[in-house]
Amino acid sequence: MIFFALILNISDIGVRRVEATACKVVDVRLSVGMSTLLEFDQEPTLTFHADDQHFSLKNSESAKRSLAIIPNIREQDVRSLFPNTDFPPGGAILADALDRTYRTNLFVFFKGSGRLMFQLRFVDKSKADYVLKIKQVFRKDCLR
């Protein structure tokens, strides 16, 4: 029995679970060089985000309830944040500068006029989401 509990815990490494409502913005923690997978209870019908240049969204017919987010940060984007240095910093300093400059929002729509709101944030690679499992919760005090 302990063995199965260990397997269950190992399988959740890199997976963050959140409850989301239509009136609460959920942070998605991204990092350069990594993709993040959003998994929903139901299939999204439409997504909208303002920054196609720095973020790609991908879905697949074989994984209809999932949405991959891929940051598209180029070397020139990083160099523009640190113009007076030959070697831009990495880690938390880079993540903070990217977050201040390229943070954006994402709307995901579902059948029946449901929607969820996300904020795409940059964090240090060690804190980035691999998989974000989203459970949609409906609250009476939250308009859909």
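The values are calculated or read from the model by the stated rules, or taken from the named source; none is laboratory data. Quantities reported herein were computed from a predicted structural model and do not represent experimental measurements. Note that we place each Cβ from the backbone using ideal geometry, even for glycine, and neighbour counts take in every protein chain shown.
Things worth noting here:
- Checking ASP77, ASP86, ASP52 one by one, the residue that is farther than 19 Å from ASP27 by Cβ, in contact with a Ser or Thr (Cβ under 9 Å, 6 or more places away or on another chain) and either of a type in the set (A, V, I, L, M) or without any contact (Cβ under 8 Å) to a residue 60 or more places away in the chain (or both) is ASP77 and no other.
- Search result, residues across region 62-93 that are under 30 Å from LEU116 (Cα atoms) and part of a loop (DSSP other than H, G, I, E, B): SER62, ASN72, ILE73, ARG74
- Filter result for VAL78 (surrounded by 14 or more Cβ atoms within 10 Å (Cβ to Cβ) and either over 20 Å from ASP129 (Cα atoms) or in contact with a Gly (Cβ under 9 Å, 6 or more places away or on another chain) (or both)): yes
- Residue within region 110-129 that is loosely packed, with under 15 Cβ neighbours inside 10 Å, at pLDDT 95 or above and not in a helix (DSSP H, G or I) present: yes
- Filter result for LEU98 (in contact with a strand residue (DSSP E or B) (Cβ under 6 Å, 6 or more places away or on another chain), assigned to a helix (DSSP H, G or I), touching a residue at least 24 places away in the same chain (Cβ under 8 Å) and more than 23 Å from VAL18 (Cα to Cα)): yes
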